[in-house]
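To start, the structure under review is shown below, and the notes come after it.
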Amino acid sequence: MPESLSSASSTSSDFSGACSIHGNAVVVYCRDCEVMVCDTCLTDRSHHKHDFVTLKSGFELQIEAATKRVKKLKTSLMMQTAIKSQVTKAKNDLEEMFTVAKENVAEQYREIRELMDQNMQQAFLLIQALNQSMIQDMDQLVRFGEEYEEKKKSVQQAVKQLQRTQDTDDATIIMKIDEVETGIEEIEDYHRNFLDVITFDNRRLKALEDSISKIVQMNKDLLPRPWEFGENITFDDSETHEHLRISGDKTKVQYGVSLYPNKRQKRKQKETVANVLASQSFTEGSHYWEVNVRNTGRWTVGVVDQGWLKKGVQALGQDRLSWALQMDGDSLAALHNDDTIMIRESVIERLGVFLDFKKGRLQFFNVLSGTVLHTFAGKFKNPLSPAFSIESQEGSTAVMRLCALMPKDLERSYSREDRRMSSDSGLERAMN
């Protein structure tokens, strides 16, 4: 031990404390690690070539550092003298932003409805025109029927006259025969047209119905959107990793040994993985939730089968009972059953997850860009729980947040049909 510290033991009695690692009485202060250390710390070479001072000097250094931080904090607070007014202004700006967004959404839905109403009205007009045309043709059949009945009698009489004069060689007879043949052709055309009209062709109507069916199918392909099944989920804090901190409302999880770790803690806090599940699990229906991963660093988000829980702590997506999307630096990958599929997407701030239990579909979205990142297809039989993993990097704090997709005052059992009725009434209010 350096000679300058020979009196450390005599002063340590004035400052009680035990080593956080070995439990022994501390003897000196390590300036490199910013911690008090004991005799064992000095001999196990964990502080090899470090700079030591007496405990009293160490306390003075810590007090000096804390004083500087307090001064810096005061300076920061002085720059925010009008906190209340700034928050009020920010809230007003926020309210205005959401009001504009609601108006824009209402306007777009109004446009969709106008387009659909216009399309429907044109379809009805086409049906009405076809109907009127066919009725008109049938009415004409009745009128023409009377005329052709008289013409048929006239033709029959003309034929009888021709039969009586068939032995003559008068040229006018030939002309009369031509007239009779023309009359017969007109009568035959009428009967053919009669059959066409009364056994009308409905293919045009069928073509219109098929066209409308295609429009409906296109809308079904577009709707419902995943966010129609949005719900608020929370982190399960009943069993959490020792280094995970879950907020009181269970919507934020943070990884870290300490919010302000000293240098030694930073070195000890190596890159480790920590999993946390949601409080909710799903056995049927469709569900959608969003996760803010902007300040998460390395993360994994997915779902796990209830059987996965029985296998103990493990990484997500490494077996057949878990499906996940993982971001590691600039590399994004879909993981399942120890199979990795790389995805070309490097920037994700808000991740959407859509689960259709019945169809066996699990989709991941880049919410801000609207991109479908990956889709898992399979068969789900057991309850599935949303699962999350944070991987802390040295010297950084990882934070993950669950996003609110439903107003808090609505019950969890609020059905999609109820939401649709509510949104319809809300749209009507916004339009009026």
* Using a 1.4 angstrom probe with every protein chain in place, what is the largest-first accessible-area order of Tyr148, Tyr109, Tyr255, Tyr190? -> Tyr109, Tyr148, Tyr190, Tyr255
* Asked: Scaled to the compact-protein estimate 2.2 N^0.38 Å, what is the alpha-carbon radius of gyration of region 288-402, rounded to two decimal places?
  -> 1.01
* Structure fact -> Computed on Cα atoms, Rg of region 89-193 relative to 2.2 N^0.38 Å comes out at 2.63
* **Segment Ser85-Glu60, extension gain: residue separation times 0.36 nm, minus the distance between their alpha carbons** => 5.1 nm
* Would you mind checking region 117-140 for residues with the amide N under 16 Å from a putative spin-label position 7 Å along Cα→C-beta of Asp196? => 133-140
* Structure fact -> To the nearest Å², the heavy-atom accessible area per residue of region 111-259 with 1.4 Å probe amounts to 75
* To do: Calculate what fraction, in whole %, of the accessible area of region 281-405 sits on carbon and sulfur atoms when a 1.4 Å probe is rolled over the protein chains.
  => 43
* Asked: If Asp236, Asp338 are ordered by their accessible area, calculated over protein heavy atoms with a 1.4 Å probe, which sequence runs from highest to lowest?
  -> Asp338, Asp236
* Structure fact -> Length gained, Arg164-Asp39, 0.36 nm per residue minus C-alpha separation, equals 30.3 nm
* Asked: Ratio of region 78-141's C-alpha Rg to 2.2 N^0.38 Å, to two decimals?
  -> 2.58
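The values are calculated or read from the model by the stated rules, or taken from the named source; none is laboratory data. None of the values given here were measured: they were computed from a predicted structure. Glycine gets a Cβ as well: all are built from the backbone with ideal geometry, and neighbour counts include every protein chain shown. We work out accessible area using only protein heavy atoms, side chains counted, and drop any ligands, DNA or RNA first. Shrake-Rupley method; radii C 1.70, N 1.55, O 1.52, S 1.80 Å.
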